[in-house]
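To keep things clear, I will list the structure first and then write my remarks on it.
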């Protein structure tokens, strides 16, 4: 576990053990896979410490959302956890990593998505740009906070079907990530 990530998570999740448990287990799974993706793609240069920190903190904003099934009793819709997480990391001075929080949701949320669907999000592009953001976004799609997929990667077809609910372009974006990063090794 990354000590800096652990300290930040404990700061915001003190007294919220159920939420912390879901978040911590999910984040460890995403972090392990993110490092595996980086190892399988040596031509994509990333700082492994920064990648690990980003993966461990990408969902920090869930504590502010209304998701009682995972121990979160905030006032915001779950979709808002990305930009809320960004605000938390910016408060912590992690300005370079903060965008990963809002850019990992789905396969990224465009300004057009936000405006056309009247999403409860700030009106801005929230699409992964940096290699770290793209890797965390990709790794995150393989895990959820549902018990079965907290530590076991989801089947690709399940991911694609889930993304299809958000528009026909979303599975295509994920397939592009699969082509970039590979995927067979994920299930080894």
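Residue 42 falls short on exactly one of the conditions (1) farther than 16 Å from residue 27 by Cβ; (2) modelled with pLDDT of 95 or more, and that condition is (2).
Within region 151-163, identify whether any single residue is under 12 Å from the mean Cα position of the chain (by Cα) and in contact (Cβ under 8 Å) with a residue 24 or more places away in the chain, and answer yes or no.
For region 151-163, residues under 12 Å from the mean Cα position of the chain (by Cα) and in contact (Cβ under 8 Å) with a residue 24 or more places away in the chain: absent.
Restricted to region 95-188, the set of helices (runs of 4 or more DSSP H) holding at least 1 residues that are within 25 Å of residue 68 (Cα to Cα), modelled with pLDDT of 95 or more and in contact with a helix residue (DSSP H, G or I) (Cβ under 8 Å, 6 or more places away or on another chain) comprises 99-103, 131-141, 156-164. Among residues of region 49-60 that are at negative phi, those with a beta-carbon under 6 Å from a residue that is modelled with pLDDT of 95 or more and not in a helix (DSSP H, G or I) at least six positions away or on a different chain give the pairs 54/97; 58/104. Within region 62-86, the set of residues being part of a helix (DSSP H, G or I) and over 15 Å from the mean Cα position of the chain (by Cα) comprises 64, 68, 69, 70.
Yes/no matrix, rows are residues, columns are (1) under 19 Å from residue 35 (Cα atoms); (2) in contact with a strand residue (DSSP E or B) (Cβ under 6 Å, 6 or more places away or on another chain); (3) buried (at least 22 other Cβ atoms within 10 Å of the Cβ):
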{"site": "83", "(1), (2), (3)": "no, no, yes"}
{"site": "136", "(1), (2), (3)": "yes, no, yes"}
{"site": "140", "(1), (2), (3)": "yes, no, yes"}
{"site": "154", "(1), (2), (3)": "yes, no, no"}
{"site": "163", "(1), (2), (3)": "no, no, no"}
{"site": "180", "(1), (2), (3)": "yes, no, no"}
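The values are calculated or read from the model by the stated rules, or taken from the named source; none is laboratory data. Note that the structure is predicted; figures quoted are calculated from it, not measured. Cβ: placed from backbone, ideal geometry, glycine included. Neighbour counts: every protein chain shown.
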